[in-house]
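Below is one structure, written out as structure tokens, with a few remarks after it.
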């Protein structure tokens, strides 16, 4: 089922038998601004049952804002939204009247839209960390008898039967997303990529008819991406699920394999493209990506050395000619566990565990590419002192830091950029920079300098986080966990420029998913 929208008039044109009766979501003339800056300007769109729309645009173009509005998490300044699913119909007109705002049952809220069959997977993974993966998914099932205390007491057999059925479905969801045998693992012990898949499974468990996915592939390795896309394709094919997918530029080619239409946000306007046209645009703009940047970083006389690590990880060290100096970080035979699970290190046939060893010199950049679940984040957190070390040694500028607290290691010259939750969303950008002791505001941040971090797009947040990490307190070792995650070309160029600017004076370890 394919649908297109006339670019100038916004009139829905049905193709291949599509009619207005197939439309499950329609929005017209949506406007939204923040502090006088117009983010969405007269945006109109329609979604038909079984359609897969790729929503793309530069960071800051309004993708997250549009998703927030269409899922009830933000109100537009003006416009209208109509929903027509098997679970119900509703019309919303903006701005809301006082009577509508006083509606005790929620006139325009995420809960109201969820009851109409609209679901969302957030860009920031939101799992119950102390619960198992099974419980994280099963809890999303609707109309659970056990949620009512009286019915739970009166109908214990029915509650048990429904609970077992929900658990069985939840396990199937996890298995379909490549998490076979992990249903009893606690959410706090799984990697970012695995957490993403759990979040997708939980959203599917809720039985949504229209599913908004905010960067579902970000942080996944090649195998994980294939598993997720296969599962989504199966859902569209077998159940007529309607999808809207937001992805960063690296994963757009994979989404285009499934997409039936492409929405492009630019300058506050929404343009509708065909997947074929979007593919052609990508082919024209594709560069060598990370690998081309490494070649540029090394220069004609520099060195790039690859070292394969146990578990399928690749450590690529870039040493520009004439700038490499003394060792600033040395890791020797490091072994780290999470609970009872060995994460950093490998157990041999004789039962002995061999740790990980590497060195980092001033002026070098080491790129750690590894599948999600390998232990990239665990390694970095152990070096920083956030996780206990089972055995091994860590030296910073020749000094052992194993017995030092995290803040003491930072004082000695380590900076750390987390892959997620790396900014204070309640602060303004200006306050974040002041907290990081940054006096001069980079020109790339001036356009949103006075806005709250919570109002920024993913790429804008990453630019703020990168600036705070790289331009704050002086350091000799940079530890960056997936700094390129969810970045468009402009933001990627900014992050890379920050690394290049500092590299001659520091050593830097950058961890990214395999296959980025």
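The values are calculated or read from the model by the stated rules, or taken from the named source; none is laboratory data. As the structure is a computational prediction, the values presented were derived from the model and not from experiment. Quick reminder, even Gly has a Cβ in these numbers, built from the backbone with ideal geometry, and neighbours come from all protein chains shown.
So is residue 143 assigned by TED's automatic domain parsing to the domain that holds residue 181, within 22 Å of residue 212 (Cα to Cα) and in a helix (DSSP H, G or I) or not?
Values: assigned by TED's automatic domain parsing to the domain that holds residue 181: yes; within 22 Å of residue 212 (Cα to Cα): yes; in a helix (DSSP H, G or I): no.
No, not satisfied.
Consider the stretch 54-105. How many of its residues are within 29 Å of the chain's Cα centre (by Cα) and free of Cβ contacts under 8 Å to residues at least 12 places away in the same chain?
Adding up the residues that qualify gives 1.
Is one or more of the residues making up the stretch 388-408 out of contact with any helix residue (DSSP H, G or I) (no Cβ under 6 Å at 6 or more places or on another chain), outside any strand (DSSP E or B) and crowded, with 20+ Cβ neighbours inside 10 Å?
no
Does residue 416 satisfy the condition of being in a strand (DSSP E or B), in the same structural domain as residue 474 (by TED's automatic domain parsing) and at pLDDT 95 or above?
Numbers: in a strand (DSSP E or B): yes; in the same structural domain as residue 474 (by TED's automatic domain parsing): yes; at pLDDT 95 or above: no.
Judged against the criteria, residue 416 is not a match.
So, in the stretch 280-303, of the ones that are crowded, with 17+ Cβ neighbours inside 10 Å and touching a helix residue (DSSP H, G or I) at 6+ places or on another chain (Cβ under 7 Å), which residue ends up modelled with the lowest pLDDT?
Looking at the filtered set, the residue picked out is 293.
Only one residue in 323, 318, 327 is surrounded by fewer than 17 Cβ atoms within 10 Å (Cβ to Cβ), at pLDDT 90 or above and under 24 Å from residue 369 (Cβ atoms), so which one is that? Working first, answer last.
Details: 323 fails: at pLDDT 90 or above; 318 fails: surrounded by fewer than 17 Cβ atoms within 10 Å (Cβ to Cβ).
Going through 323, 318, 327 in turn, the sole match is 327.
When the residues of the stretch 501-515 are filtered to those that are part of a helix (DSSP H, G or I) and in contact with a strand residue (DSSP E or B) (Cβ under 9 Å, 6 or more places away or on another chain), which remaining residue is nearest to residue 319 (Cα to Cα)? So that I can check it myself, show each step before the final result.
Step one: of the stretch 501-515, the residues part of a helix (DSSP H, G or I) are 501-503.
Checking the rest, the ones that are also in contact with a strand residue (DSSP E or B) (Cβ under 9 Å, 6 or more places away or on another chain) come to 502-503.
Working: 502: 14, 503: 10 Å.
My answer is 503.
Quick test for you: out of 100, 144, 123, pick the one residue that is touching a strand residue (DSSP E or B) at 6+ places or on another chain (Cβ under 9 Å) and farther than 30 Å from residue 462 by Cβ. Walk me through it before giving the result.
Numbers: 144 fails: touching a strand residue (DSSP E or B) at 6+ places or on another chain (Cβ under 9 Å); 123 fails: farther than 30 Å from residue 462 by Cβ.
From the options 100, 144, 123, the qualifying one is 100.
Determine, yes or no, whether residue 502 is within 30 Å of residue 68 (Cα to Cα) and touching a residue at least 24 places away in the same chain (Cβ under 8 Å). I'd like the intermediate steps shown before the answer.
Working: within 30 Å of residue 68 (Cα to Cα): no; touching a residue at least 24 places away in the same chain (Cβ under 8 Å): yes.
So residue 502 fails the test.
Of the residues that sit in the stretch 89-121 and are surrounded by 12 or more Cβ atoms within 10 Å (Cβ to Cβ) and in a strand (DSSP E or B), which one is modelled with the lowest pLDDT?
By that ranking, first place goes to 121.
Where in the stretch 169-265 are there helices (runs of 4 or more DSSP H), lying fully within it, with 1 or more residues that are outside the structural domain of residue 87 (by TED's automatic domain parsing) and modelled with pLDDT of 85 or more? Show your work before the answer.
Details: elements: 192-205, 222-239, 252-256.
Correct list: 192-205, 222-239.
I'd like the full set of residues that are in contact with a helix residue (DSSP H, G or I) (Cβ under 8 Å, 6 or more places away or on another chain) and free of Cβ contacts under 8 Å to residues at least 12 places away in the same chain, limited to the stretch 164-208.
Scanning the stretch 164-208 gives a single hit, 180.
I'd like to know if the stretch 349-372 contains one or more residues that are under 28 Å from the mean Cα position of the chain (by Cα), under 27 Å from residue 193 (Cβ atoms) and surrounded by fewer than 17 Cβ atoms within 10 Å (Cβ to Cβ).
No - not one qualifying residue is present in the stretch 349-372.
Give 456, 435 a once-over and let me know the one that is farther than 13 Å from residue 495 by Cα, in the same structural domain as residue 416 (by TED's automatic domain parsing) and more than 22 Å from the chain's Cα centre (by Cα). Step through it out loud before you land on a result.
Values: 456 fails: more than 22 Å from the chain's Cα centre (by Cα).
Testing whether each residue is farther than 13 Å from residue 495 by Cα, in the same structural domain as residue 416 (by TED's automatic domain parsing) and more than 22 Å from the chain's Cα centre (by Cα) leaves just 435.
Would you be able to tell me the number of residues in the stretch 122-136 that are at pLDDT 90 or above and within 18 Å of residue 210 (Cα to Cα)? Spell out how you get there, then give the answer.
So the first thing to find is which residues in the stretch 122-136 are at pLDDT 90 or above, and the list is 127-136.
Filter again for within 18 Å of residue 210 (Cα to Cα), leaving none.
Adding up the residues that qualify gives 0.
Give the residues of the stretch 143-160 that are loosely packed, with under 14 Cβ neighbours inside 10 Å and either closer than 22 Å to residue 201 by Cβ or at pLDDT below 80 (or both), sorted by residue number. First the steps, then the outcome.
Let us first name the residues in the stretch 143-160 that are loosely packed, with under 14 Cβ neighbours inside 10 Å, namely 143, 147-150, 153-154, 156-158, 160.
Within the stretch 143-160, 143, 147, 148 qualify.
Of these, 466, 470, 479, which one is surrounded by 14 or more Cβ atoms within 10 Å (Cβ to Cβ), free of Cβ contacts under 8 Å to residues at least 60 places away in the same chain, over 30 Å from residue 68 (Cα atoms) and assigned by TED's automatic domain parsing to the domain that holds residue 356? Please lay out each step first, then the result.
Details: 466 fails: over 30 Å from residue 68 (Cα atoms); 479 fails: free of Cβ contacts under 8 Å to residues at least 60 places away in the same chain.
Testing whether each residue is surrounded by 14 or more Cβ atoms within 10 Å (Cβ to Cβ), free of Cβ contacts under 8 Å to residues at least 60 places away in the same chain, over 30 Å from residue 68 (Cα atoms) and assigned by TED's automatic domain parsing to the domain that holds residue 356 leaves just 470.
Considering the stretch 427-444 alone, what residues qualify as being outside any loop (DSSP other than H, G, I, E, B) and either modelled with pLDDT of 90 or more or in contact with a helix residue (DSSP H, G or I) (Cβ under 6 Å, 6 or more places away or on another chain) (or both)? Even if it seems obvious, please write down each step before you answer.
From the stretch 427-444, those outside any loop (DSSP other than H, G, I, E, B) are 428-435, 443-444; that's our starting set.
428, 429, 430, 431, 432, 433, 434, 435, 444, listed by residue number.
Before we move on, is residue 273 modelled with pLDDT of 90 or more and on the phi > 0 side of the Ramachandran plot?
Values: modelled with pLDDT of 90 or more: yes; on the phi > 0 side of the Ramachandran plot: no.
Taking the combined requirement at face value, the residue does not satisfy it.
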